[in-house]
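Novice: Input: one structure, supplied below.
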Amino acid sequence: QWQQADAMALPFADESFDLAFCQFGAMFFPDRTQAYREARRVLKPGGYFLFSVWDRIETNVFADEVTNALARLLPADPPRFLVRTPHGYHDTALIRSELKAAGFADMAIDTRTEISRAPSPRHVATAYCQGTLLRNEIEAADGNPEAAADYVTAVLAEKHGHGAIAAKIQAHVITAVV
């Protein structure tokens, strides 16, 4: 059964689950330690908390190239959302510290490198410039998300070509055990 819930105040009884899972969401929690406490609270003894976060932006080629292109396009107020939030929670020592503060003692962090693929540079540019919260920062900098996507498309095409493109992507997969 699927249920939307506030990660910092889960509406479930103590020790209800064998597994709690969060895919690329922890970096958005206003109070990660509190969210981790909640995950621990609802897990049975021996239960697993499994989650993933992006590694630093420099290890994620498309996100980094989009950010750098937008900084050139909008130099007075460069959009930094991708650096600050999705790729801003990559410090494994901090992750371990926050998990420990939430009561987890047994944890592992596996850094995974994969290849991100897209049918074209336009797909990548549109996804980032119009399909993420980066759009808000483009607009706040008096930019036009469609024009930004056009510019980013050209930058990506110059580096990767006009057809299907692929580049390195990297994330941390964290397992913590109650």
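Novice: Can you tell me which of ALA176, ALA71 is touching a Pro at 6+ places or on another chain (Cβ under 7 Å), modelled with pLDDT of 95 or more and open to solvent by less than 70 Å² (accessible area, probe 1.4 Å)? Steps first, answer last, please.
Specialist: Numbers: ALA176 fails: touching a Pro at 6+ places or on another chain (Cβ under 7 Å).
ALA71 is the lone residue from the list that is touching a Pro at 6+ places or on another chain (Cβ under 7 Å), modelled with pLDDT of 95 or more and open to solvent by less than 70 Å² (accessible area, probe 1.4 Å).
Conditions tested, residue by residue: (1) under 16 Å from the mean Cα position of the chain (by Cα); (2) of a type outside the set (A, V, I, L, M, F, W, C).
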site: ILE115; (1), (2): yes, no
site: VAL124; (1), (2): yes, no
site: ASP142; (1), (2): no, yes
site: ALA149; (1), (2): no, no
site: VAL152; (1), (2): no, no
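Novice: Quickly run through region 110-144 and pick out the residues that are surrounded by 12 or more Cβ atoms within 10 Å (Cβ to Cβ) and part of a strand (DSSP E or B).
Specialist: Selection gives THR111, SER116, ARG117, ALA118.
Novice: Scan region 96-106 and tell me whether some residue there is over 19 Å from GLU58 (Cα atoms), loosely packed, with under 15 Cβ neighbours inside 10 Å and charged (D, E, K, R).
Specialist: Scanning region 96-106, I find at least one residue that is over 19 Å from GLU58 (Cα atoms), loosely packed, with under 15 Cβ neighbours inside 10 Å and charged (D, E, K, R), so the answer is yes.
Novice: Oh, and also: Among the residues in region 150-172, are any of a type outside the set (D, E, K, R) and at pLDDT below 95?
Specialist: Kept after step one, since they are of a type outside the set (D, E, K, R), are these residues of region 150-172: 151-157, 160-167, 169-172.
Of the ones still in play, those that are also at pLDDT below 95 are none.
Checked against the condition, which is being of a type outside the set (D, E, K, R) and at pLDDT below 95, region 150-172 yields no hits at all.
Novice: When you scan region 94-101, do you find a residue that is touching a strand residue (DSSP E or B) at 6+ places or on another chain (Cβ under 7 Å) and among the charged types (D, E, K, R), even just one?
Specialist: Let us first name the residues in region 94-101 that are touching a strand residue (DSSP E or B) at 6+ places or on another chain (Cβ under 7 Å), namely 95-96, 99.
In the following step, the residues that additionally are among the charged types (D, E, K, R) were identified as 96.
The answer is yes; a qualifying residue exists.
Novice: While we're looking at this one, here's another question. Mind listing whichever residues of region 52-79 are over 13 Å from the mean Cα position of the chain (by Cα), part of a loop (DSSP other than H, G, I, E, B) and touching a residue at least 60 places away in the same chain (Cβ under 8 Å)?
Specialist: If the condition is that a residue be over 13 Å from the mean Cα position of the chain (by Cα), part of a loop (DSSP other than H, G, I, E, B) and touching a residue at least 60 places away in the same chain (Cβ under 8 Å), then LEU74, ALA76, ASP77, PRO78, PRO79 are the ones that fit.
Novice: Filter region 1-47 down to the residues that are open to solvent by 80 Å² or more (accessible area, probe 1.4 Å) and in contact with a strand residue (DSSP E or B) (Cβ under 8 Å, 6 or more places away or on another chain) and list them by number. Can you show your working first?
Specialist: Within region 1-47, the first condition is being open to solvent by 80 Å² or more (accessible area, probe 1.4 Å), and the residues that meet it are 1-4, 6, 14-15, 18-19, 21, 23, 28, 30, 37, 40, 45.
Matches in region 1-47: GLU15, ASP18, LEU19, PHE21, GLN23, ARG40.
The values are calculated or read from the model by the stated rules, or taken from the named source; none is laboratory data. Being a predicted model, the structure only gives us computed values, none of them experimental. Don't worry about glycine lacking a Cβ; one is built from the backbone with ideal geometry, like all the others, and counts go over all protein chains shown. Please note that ligands, DNA and RNA were not included when accessible areas were found on the heavy atoms of the full protein model with its side chains. Shrake-Rupley method; radii C 1.70, N 1.55, O 1.52, S 1.80 Å.
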